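To start, the structure under review is shown below, and the notes come after it.
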Amino acid sequence: MYKHKDLVGLIPQVAGIARHAGERILAIYDKGFDVHTKTDGTPLTTADRASHDIICRELAGLDTDVPVLSEESTSQDHASRKQWRQFWLVDPLDGTREFVKRNGEFTVNIALIDGHQPVLGVVHTPVKGLTHWSHAGGAAYRDAGDGKARSICVKSYRGGPPQVVASRSHGRDALVKFLSRLKDREGGYDTISMGSALKICIVAEGRGDVYPRLGPTYEWDTAAAQCVLESAGGRLTDCEGTPLRYNKDSLLNPWFIASGSGDYDWYSLLDGIQEKA
């Protein structure tokens, strides 16, 4: 098991694993690939599986006692998972739809979960050579591919037309209602459309004020980026304002809002349209 003092030393190793997986993804991206459909209707490519294999093998090389749960893992029931205090939570290719569209907005997400919370997060964007990372108790950083780590910080929203980060591939009536209410209250908003965990990272960098995700996601979609956002001074919470927790009975996340600092009441915009159980 990793202790808090180990997290700083783990960052370069985990970032290296994410970059290695990203290199393999790009090799497939450049040569062409087949697209299959999983039972839940989401796309799957050979790049997803190749990245999964690299990450699982190399994380096991760090410590075989810490299990790995990946989007492409064989299903693990909660009866087995609930015994885990620590585990790696991985999305080997977050944004497969963006990968298929070839717009470059896909990431490799690796998080270390300890006691239901992400304590280390790495989000790597292969096409841009961009890596975001952080660990609990530390700052959040961004490396644009030049090997120079720069700290990042959220901004504090205090009213007026905000910068809203929105999914490029997913939309729902609930989001339309949320944005309509926001426009009525603040006189408008600007939208940044983006795929994958990059949406949360945009808020962490201070380029976006809020990212409302009023639709389904899984734990591996958010854990690494949540760690980055929280270390940058932001929040990623459910509709009641509670930070997302991990290794639940169901691996589905509730609706959530990712936001910067400040005490703006984003949640009141959800009155009457909250997620139904």
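Numbers below:
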{"quantity": "Lys/Arg +1, Asp/Glu -1 at C-beta; the chain dipole; positive extreme among Ser231, Thr64, Pro216", "calculated": "Ser231"}
{"quantity": "Cα-only Debye scattering, the stretch 163-270: base-10 log of I(q)/I(0) at q = 0.11, 0.13, 0.17, 0.19 Å⁻¹", "calculated": "-0.30, -0.42, -0.74, -0.94"}
{"quantity": "Computed over the stretch 128-220: relative contact order in percent, which uses C-alpha pairs under 8 Å that are six or more apart", "calculated": "30"}
{"quantity": "Sequence-separation-based contact order of the stretch 152-277, relative, with Cα cut under 8 Å and 6+ spacing, percent", "calculated": "31"}
{"quantity": "Radius 12 Å from Cβ of Gln13, net charge of other residues (Lys, Arg +1; Asp, Glu -1)", "calculated": "-2"}
{"quantity": "Residue order, fewest to most surrounding Cβ atoms within 10 angstrom, among His4, His124", "calculated": "His4, His124"}
{"quantity": "Ser80, Ser259 arranged by Cβ crowding within 10 Å, fewest neighbours leading", "calculated": "Ser80, Ser259"}
{"quantity": "Long-range HN-HN contacts of Leu69 with modeled amide H, under 5 Å", "calculated": "Trp88, Leu89, Val90"}
{"quantity": "For the chain, projected area of the alpha-carbon convex hull averaged over all directions, nm²", "calculated": "13.9"}
{"quantity": "Cβ-based exposure ranking for Ser180, Ser261, in which fewest neighbours within 10 Å come first", "calculated": "Ser180, Ser261"}
{"quantity": "Long-range lysine pairs (8 or more apart or interchain), the stretch 2-154, Cα under 21 Å", "calculated": "6"}
{"quantity": "Overall form of the stretch 4-152 per C-alpha gyration tensor (a/c, 1.5; a/b vs b/c)", "calculated": "oblate"}
{"quantity": "Check: the chain dipole with +1 on Lys, Arg Cβ and -1 on Asp, Glu Cβ, in debye", "calculated": "420"}
{"quantity": "Top of Glu58, Glu98, Glu186 by mean-square fluctuation, Gaussian network on the chain, Cα under 10 Å", "calculated": "Glu186"}
{"quantity": "Long-range HN-HN contacts of Tyr218 with modeled amide H, under 5 Å", "calculated": "Asn253"}
{"quantity": "Rounded, prolate or oblate (a/c below 1.5 giving rounded, otherwise prolate when a/b exceeds b/c) for the stretch 141-225 by Cα gyration tensor", "calculated": "oblate"}
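Every number in this text was worked out from the coordinates using simple rules, so none of it is lab data. Quantities reported herein were computed from a predicted structural model and do not represent experimental measurements. With ideal geometry, Cβ positions are generated from the backbone for all residues, glycine too; neighbour counts draw on all protein chains shown.
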